[in-house]
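Heads up, the thing below is written out as structure tokens.
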Amino acid sequence: MTIIHTDNSYSIAAYDKEIGNFVIVAVNSSDKEDKVSFSFTDTTITGKTVSLIRTSGSINDGEHWRNVGTYTSQSNSIEISLKENSITTITIG
């Protein structure tokens with residue numbers, strides 16, 4: 001696994017060259033939803049599967065590693081909404 005630099009302060013990314021997957025972990029610590037985008041300039045993700053897993057809210061009534069969607073990337077960038085007070089894991093591969 002290789003850590004990849006992101007151009008923001010709310011996420012960290014890694015690439016697993018053995019299986020060809022990218023993983024991004026994005027944090028939204030505010031009390032408002034935030035729309036973010038990630039662009040890939042040195043590789044292509046078009047046609048790859050993008051999976052979103054989210055943890056948010058409190059221990060008693062929050063989401064705990066909830067699968068919130070899977071789709072196929074249509075371009076070399078992705079745009080997602082980060083729920084307020086959440087951690088979202090994005091897997092691309």
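The values are calculated or read from the model by the stated rules, or taken from the named source; none is laboratory data. All of these numbers come straight from a predicted model, not from anything done at the bench. In this analysis, Cβ positions are derived from the backbone assuming ideal geometry, glycine residues included, and neighbour counts consider all displayed protein chains. Only protein heavy atoms, including side chains, enter the accessible area calculation; ligands, DNA and RNA are left aside. Shrake-Rupley method; radii C 1.70, N 1.55, O 1.52, S 1.80 Å.
The portion of the accessible surface of the stretch 29-85 made up by carbon and sulfur, rounded to a whole percent, is 44 (1.4 Å probe; DNA, RNA and ligands excluded).
The magnitude of the dipole of the chain, with charges of +1 and -1 set on the Cβ of Lys/Arg and Asp/Glu and taken from the Cα centre, is near 180 debye.
Using C-alpha pairs below 8 Å separated by at least 6 residues, the relative contact order for the chain is 35 percent. In this rough spin-label picture, where each label sits 7 Å from Cα along the Cβ direction, the residue 75-residue 32 distance is 2.4 nm. Mean-square fluctuations from a GNM of the chain, with a 10 angstrom spring cutoff on Cα atoms, peak among 72, 41, 49 at 41.
For the stretch 1-77, the list of GluC sites (Glu not before Pro) that fall in a loop by DSSP and count at most 14 other C-beta atoms within 10 angstrom reads 18, 33.
For the chain, the tally of Lys pairs with Cα-Cα distances below 25 Å comes to 5, considering only residues 8 or more apart or on different chains. Net charge of the neighbourhood of residue 39, taken over other residues with C-beta under 10 Å away and scored Lys/Arg +1, Asp/Glu -1, is -2. Where in the chain lies the longest segment free of trypsin sites (Lys or Arg not before Pro) that are both loop residues by DSSP (not H, G, I, E, B) and have at most 11 other Cβ atoms within 10 Å? Longest site-free region, per DSSP loop and neighbour criteria: 33-93. Coordinate range of the alpha-carbon atoms in the chain per principal axis, descending: 39, 25, 23 Å. Between residue 14 and residue 59, how high is the FRET efficiency from 1/(1 + (r/R0)^6) when r is the Cβ-Cβ distance and R₀ = 35 Å? Nearest 0.05. Efficiency, rounded to the nearest 0.05: 0.85. For the stretch 37-89, the equivalent ellipsoid built from the Cα gyration tensor has semi-axes of 26, 11, 7 Å, listed from largest to smallest. Other residues with beta-carbon under 11 Å from the beta-carbon of residue 81 carry, at +1 per Lys or Arg and -1 per Asp or Glu, a net charge of 0.
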